[in-house]
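Notes follow the structure.
The values are calculated or read from the model by the stated rules, or taken from the named source; none is laboratory data. All of these numbers come straight from a predicted model, not from anything done at the bench. Positions of Cβ are backbone-derived with ideal geometry, glycine not excepted, and every protein chain shown enters the neighbour counts.
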Amino acid sequence: MSSTSENPSFHALIPCAGTGSRAGTPMPKQYQTVAGQPMVMHTLQALAQVQQISQGWLVLSPGDDFVWPSGPLWPERFARLYCGGVTRAESVFNGLSALLAAGVPAHDWVLVHDAARCLVTPEAVRLLIETCRDDPVGGLLALPLPDTLKTQTRGDEPRVQTTVPREGKWLAQTPQMFRVGPLHHALAQVAAAGFVGITDEASAMELQGLSPRLVPGSALNLKVTYPADFAFAEAVLKAKP
């Protein structure tokens, strides 16, 4: 079935061009082995279980020479784009540009998801799609802030400056789901400035005066960033049936 503005298609876009310097791994963290295979493969396989997603796109660095698993491990609906940028925002922008150049309609939805969020569940992605598919803006998975939040004083020795009320504060997660055209336009507006201040797709949409919808996610959907996170992800993945 072809995509129309009333019946748009859904695409997954996974920026995968980072070096993962904070992870302390000998290779980009998305390629580090977790529970028997590269971490990014767990991410792709989770997204591949979401039938609403018609096509997946993996944004890689132009010089990426990683040897990808083939056969049944590789999701058939996922393609690789070697157009990654220096920053995550640039990779997403380049990926969206490639989608539009390939003929993806601007009215289609794109779900941008971090390669390092390998514990995302198909159920959470489906909830995001069903919640936001008729939304005028789009939205993102997020987690209401569960802990007390502090700001620190300036100086070499960090000390508490004040306690920030946590009511109404959320931890942004991914996927983040917006229309291809509007998200591409929002990122294009800040491209010349080097995407300064753009930490996720929602922040780019917010600069357009829009208010993305918050869809409750899960604490398990963490972004694997530090060495201890790998052990946690390994334990969770190995515990799955």
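For Ala219, which of the numbered conditions (1) in contact (Cβ under 8 Å) with a residue 40 or more places away in the chain; (2) of a type in the set (A, V, I, L, M, F, W, C); (3) farther than 27 Å from Leu237 by Cβ fails to hold?
(3)
Might you let me know whether the stretch 40-58 holds any residue that is polar (S, T, N, Q), touching a Ser or Thr at 6+ places or on another chain (Cβ under 9 Å), closer than 18 Å to Pro122 by Cβ and in a strand (DSSP E or B)?
Among the residues of the stretch 40-58, at least one is polar (S, T, N, Q), touching a Ser or Thr at 6+ places or on another chain (Cβ under 9 Å), closer than 18 Å to Pro122 by Cβ and in a strand (DSSP E or B), which makes the answer yes.
Kindly check whether there is at least one residue in the stretch 213-227 that is part of a helix (DSSP H, G or I) and modelled with pLDDT under 95. Break it down into steps so the answer makes sense when it comes.
Step one: list which residues in the stretch 213-227 are part of a helix (DSSP H, G or I), which gives 227.
Checking which are modelled with pLDDT under 95 leaves us with 227.
Checking the stretch 213-227: at least one residue is part of a helix (DSSP H, G or I) and modelled with pLDDT under 95.
Restricting attention to the stretch 54-79, which residues are closer than 20 Å to Met27 by Cα, surrounded by 17 or more Cβ atoms within 10 Å (Cβ to Cβ) and not polar (S, T, N, Q)?
Correct list: Leu58, Val59, Leu60.
Test each condition in (1) more than 19 Å from Arg133 (Cα to Cα); (2) of a type in the set (Ser, Thr, Tyr); (3) surrounded by 17 or more Cβ atoms within 10 Å (Cβ to Cβ); (4) modelled with pLDDT of 95 or more for Tyr82 and report the one that comes out false.
Among (1) more than 19 Å from Arg133 (Cα to Cα); (2) of a type in the set (Ser, Thr, Tyr); (3) surrounded by 17 or more Cβ atoms within 10 Å (Cβ to Cβ); (4) modelled with pLDDT of 95 or more, the lone unmet condition for Tyr82 is (3).
Yes or no: the stretch 109-119 includes at least one residue that is surrounded by fewer than 17 Cβ atoms within 10 Å (Cβ to Cβ) and either modelled with pLDDT of 95 or more or in contact with a strand residue (DSSP E or B) (Cβ under 9 Å, 6 or more places away or on another chain) (or both).
Keep residues of the stretch 109-119 that are surrounded by fewer than 17 Cβ atoms within 10 Å (Cβ to Cβ), which gives none.
The answer is no; no qualifying residue exists.
Would you mention how many residues in the stretch 158-217 are surrounded by fewer than 17 Cβ atoms within 10 Å (Cβ to Cβ) and at positive phi?
4
How many of the residues making up the stretch 107-139 are in a loop (DSSP other than H, G, I, E, B) and either free of Cβ contacts under 8 Å to residues at least 60 places away in the same chain or more than 18 Å from Ser203 (Cα to Cα) (or both)? Let's see the steps before the verdict.
Taking the stretch 107-139 first, the residues in a loop (DSSP other than H, G, I, E, B) are 107-108, 113-121, 133-137.
Okay, now just the ones that are also either free of Cβ contacts under 8 Å to residues at least 60 places away in the same chain or more than 18 Å from Ser203 (Cα to Cα) (or both), so 107-108, 115-121, 133-134, 136.
Of the residues in the stretch 107-139, 12 are in a loop (DSSP other than H, G, I, E, B) and either free of Cβ contacts under 8 Å to residues at least 60 places away in the same chain or more than 18 Å from Ser203 (Cα to Cα) (or both).
So in the stretch 156-191, with the set limited to residues that are assigned to a helix (DSSP H, G or I) and β-branched (Val, Ile, Thr), which one is nearest to Thr131 (Cα to Cα)? Explain how you work it out, then say what you get.
Going residue by residue through the stretch 156-191, those that are assigned to a helix (DSSP H, G or I) are 180-191.
When the remaining residues are screened for being β-branched (Val, Ile, Thr), the result is 180, 190.
On the way: Val180: 17, Val190: 28 Å.
So the residue we want is Val180.
Which residue, of Ser97, Ser70, is touching a residue at least 12 places away in the same chain (Cβ under 8 Å), at negative phi and hydroxyl-bearing (Ser, Thr, Tyr)? First the steps, then the outcome.
Working: Ser70 fails: touching a residue at least 12 places away in the same chain (Cβ under 8 Å).
Of the residues listed, the single one that is touching a residue at least 12 places away in the same chain (Cβ under 8 Å), at negative phi and hydroxyl-bearing (Ser, Thr, Tyr) is Ser97.
Starting from residues that are among the hydrophobic types (A, V, I, L, M, F, W, C) and within 30 Å of Arg213 (Cα to Cα), keep the ones in the stretch 144-168 and report whichever is nearest to the chain's Cα centre (by Cα). Spell out how you get there, then give the answer.
Within the stretch 144-168, the subset among the hydrophobic types (A, V, I, L, M, F, W, C) is 145, 149, 160, 164.
Then keep just the ones that are within 30 Å of Arg213 (Cα to Cα); that gives 145, 149, 164.
On the way: Leu145: 19, Leu149: 24, Val164: 27 Å.
Taking the candidates together, the pick is Leu145.
I'd like the full set of residues that are assigned to a loop (DSSP other than H, G, I, E, B) and not β-branched (Val, Ile, Thr), limited to the stretch 59-75.
Of the stretch 59-75, the ones assigned to a loop (DSSP other than H, G, I, E, B) are 60-70, 74-75.
Within the stretch 59-75, Leu60, Ser61, Pro62, Gly63, Asp64, Asp65, Phe66, Trp68, Pro69, Ser70, Trp74, Pro75 meet the criteria.
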